[in-house]
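The values are calculated or read from the model by the stated rules, or taken from the named source; none is laboratory data. Given the structure is predicted, the values throughout are model-derived calculations rather than measurements. Don't worry about glycine lacking a Cβ; one is built from the backbone with ideal geometry, like all the others, and counts go over all protein chains shown. All accessible areas refer to the heavy atoms of the entire protein, side chains included, with ligands and DNA or RNA removed. Shrake-Rupley method; radii C 1.70, N 1.55, O 1.52, S 1.80 Å.
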Amino acid sequence: MPIALTNLVSSRLVDLYPAVDITRARQQHDRYCETLRRNGVEVRRLDVNSELGDGCFIEDNAIVLDEVAILTTMGAPHRAAEPEAVAAVLQEYRRVERVANDARIEGGDVLQIDREIFIGRSARTDDRGIAEANRILAPFGYRVVGVDVADGLHLKTACTALDSSTLLANRAWLDMAPFQRFNVIDVHPDEPTAANVLRIGERIVMHEGSRRTLARVRESFPDVQTVDISEFAKADGGLTCLSLIFKT
């Protein structure tokens, strides 16, 4: 059974993003976790980083693959302390590796499709971070590919995989050259952040507020579920941001 590590929503989230309704955010987080459970995922809810407002966006803290977990270094200085808080939990499931201290990489910039690891070169992840990920992952047979991100917080803000051959993408926000072999469904122009979807096995979950993009996706993938994460969207958060999902 796959497991999802999630983290409780800190009251400090509103210090960083005053527009967020903390009560609604916590309700939405509960429903998000229930959606994971409904799709056969064991949910483990951590209560760490309570003094760090972005702590609920746990995806950024690590890259978890079948063979190894990589603790990230975080491109945003105010988030630098987050990864160590989840390290002890990750060690229960994987051998944990660390990138060099001078590297910057966040999990939201890392998109795995089979044995390829696409890593966004963004405001949060630099060339040194990409090189360090390659150093750790190449011995396991992964191919690491850097992708230039022109806009949006992370690579997965602009692009995620619907299956192993199809992407949902906002082409204006990234260099699509590394993705030439994939079929691409474009987000609706009025929904530039709608490309972030959560894939759980063969299932796809989308933010229910991305209705026009959802209609496009359902033309090829009829069985798409939705969940409301509108409060997290106010904090530049997406569906993948709120969990670390991996096989136990």
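Largest accessible area first, the listed residues 156, 247, 234 line up as 247, 234, 156 when surface is computed with a 1.4 Å probe on the assembled protein chains. The alpha carbon radius of gyration of the stretch 1-143, expressed as a multiple of 2.2 N^0.38 Å, is 1.06.
If each residue of separation counts as 0.36 nm, what is the full-extension length gain between residue 46 and residue 114 once their alpha-carbon separation is subtracted?
Numbers: separation 68, 0.36 × 68 = 24.48 nm, distance 2.80 nm.
Value of the extension gain: 21.7 nm.
The modelled label-to-label distance between residue 226 and residue 101, using points 7 Å beyond Cα along the C-beta direction, is 4.8 nm.
Normalise the Debye intensity by I(0) for the chain, one equal point scatterer per Cα, no solvent, then take log10 at q = 0.12, 0.16 Å⁻¹ and round to two decimals. Those come out to -0.63, -1.22, one per q.
Among rounded, prolate and oblate, which fits the stretch 60-146 when a ≥ b ≥ c are the square roots of the eigenvalues of its C-alpha gyration tensor, a/c under 1.5 means rounded, and a/b larger than b/c means prolate? Oblate.
Taking the Cα centre of each part, how many Å lie between the stretch 16-51 and the stretch 189-226? A separation of 19 Å, based on Cα centres.
In the context of the full set of protein chains, the chain has a per residue accessible area of 43 Å² (1.4 Å probe).
Report, in deg cm²/dmol and to the nearest 500, the calculated mean residue ellipticity at 222 nm for the chain, where each DSSP H run with n ≥ 4 adds -39500 (n - 2.57) and the sum is divided by the residue count. Walk me through the numbers on the way to the answer.
Details: 7 runs with 57 residues, N = 248.
That calculation yields -6000 deg cm²/dmol at 222 nm.
Mean-square fluctuations from a GNM of the chain, with a 10 angstrom spring cutoff on Cα atoms, peak among 75, 129, 107 at 75.
Give, in whole angstrom and from largest to smallest, the semi-axes √(5λ) of the equivalent ellipsoid of the stretch 61-103, with λ running over the eigenvalues of the Cα gyration tensor. Intermediate results must be reported in sequence, preceding the final value.
Values: eigenvalues 66, 25, 11 Å².
The three semi-axes for the stretch 61-103 are 18, 11, 7 Å.
Largest accessible area first, the listed residues 231, 84, 191 line up as 84, 191, 231 when surface is computed with a 1.4 Å probe on the assembled protein chains. Rolling a 1.4 angstrom probe over the stretch 1-138 with all protein chains present gives an accessible area of which 47% lies on carbon and sulfur atoms.
Gain in length, residue 27 to residue 76, computed as 0.36 nm per residue apart minus the alpha-carbon separation, to one decimal in nm? Full-extension gain reported as 15.0 nm. With θ taken as phi - 60° and the Karplus curve 6.51 cos²θ - 1.76 cosθ + 1.60 applied, the whole-hertz 3J(HN,Hα) list for the stretch 161-170 is 9, 7, 7, 6, 10, 10, 10, 10, 9, 9 Hz, x standing for glycine and proline.
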